[in-house]
Amino acid sequence: QVQLAESGGGLVQPGGSLRLSCAASGSIFGTNSMAWYRQAPGNERELVAILVIGGNTNYADSVKGRFTISGDTAKNTVYLQMNNLKPEDTADYLCNVVKYGRLYWGRGTQVTVSS
C-alpha cells in the first residue's frame, strides 16, 4: 500500500507561481511513474504531467512551457512547478503513482488562480 501526501496548493493571481509536492510512503523501489492530474468542477480528470522513473517526462499541451515536473528519489517525492498560472488552471490537483503496476491516488490539493 502506498500513501500519498500532497501539499502546496492555494490561491494565486494570474501570472503567479506555485510549487506542488507529493510525498509517497515507502521506498522508490518498484515505482514505475509519478504524475499529476487535475480535475475542475464539471470536467473530466486530465493528465497534467508524468515522470517515468528512469525515463522521460510528458506534459499536457495546455501546460507545456509553464509547468515542470521533477522528482527526488531520495525523498520519494514528486514536484510540480507551475509558472505563469492562468485562471483555466484552477482545479483540484491530484498526485498519482504507479508502483509494481498498481495505481495509487492522493486526495488532491486545490489550486485557484484568480485576481
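For residue 31, all conditions in the list (1) out of contact with any Leu (no Cβ under 8 Å at 6 or more places or on another chain); (2) surrounded by fewer than 14 Cβ atoms within 10 Å (Cβ to Cβ); (3) under 18 Å from residue 101 (Cβ atoms) hold save one; what is the number of the exception?
(2)
Counting residues that are on the phi > 0 side of the Ramachandran plot and surrounded by fewer than 15 Cβ atoms within 10 Å (Cβ to Cβ), which strands (runs of 3 or more DSSP E) fully inside the stretch 35-115 reach at least 3?
Qualifying strands (runs of 3 or more DSSP E): none found.
Residues to consider are 63, 98; find the one that is of a type in the set (A, V, I, L, M), touching a residue at least 12 places away in the same chain (Cβ under 8 Å) and within 16 Å of residue 4 (Cβ to Cβ). Walk me through it before giving the result.
Numbers: 63 fails: within 16 Å of residue 4 (Cβ to Cβ).
Going through 63, 98 in turn, the sole match is 98.
Identify, please: which residue in the stretch 19-28 is open to solvent by less than 30 Å² (accessible area, probe 1.4 Å) and touching a residue at least 60 places away in the same chain (Cβ under 8 Å) and is, among those, nearest to residue 78 (Cα to Cα)?
Step by step, filter the stretch 19-28, then rank; the result is 22.
Say we look at the stretch 1-18 and pick out the residues that are aliphatic (A, V, I, L, M) and within 15 Å of residue 104 (Cβ to Cβ); which of these is surrounded by the most Cβ atoms within 10 Å (Cβ to Cβ)?
4
The values are calculated or read from the model by the stated rules, or taken from the named source; none is laboratory data. All values reported here derive from a predicted model rather than from experimental measurement. With ideal geometry, Cβ positions are generated from the backbone for all residues, glycine too; neighbour counts draw on all protein chains shown. These accessible areas exclude ligands, DNA and RNA; they are computed on the full protein's heavy atoms, side chains included. Shrake-Rupley method; radii C 1.70, N 1.55, O 1.52, S 1.80 Å.
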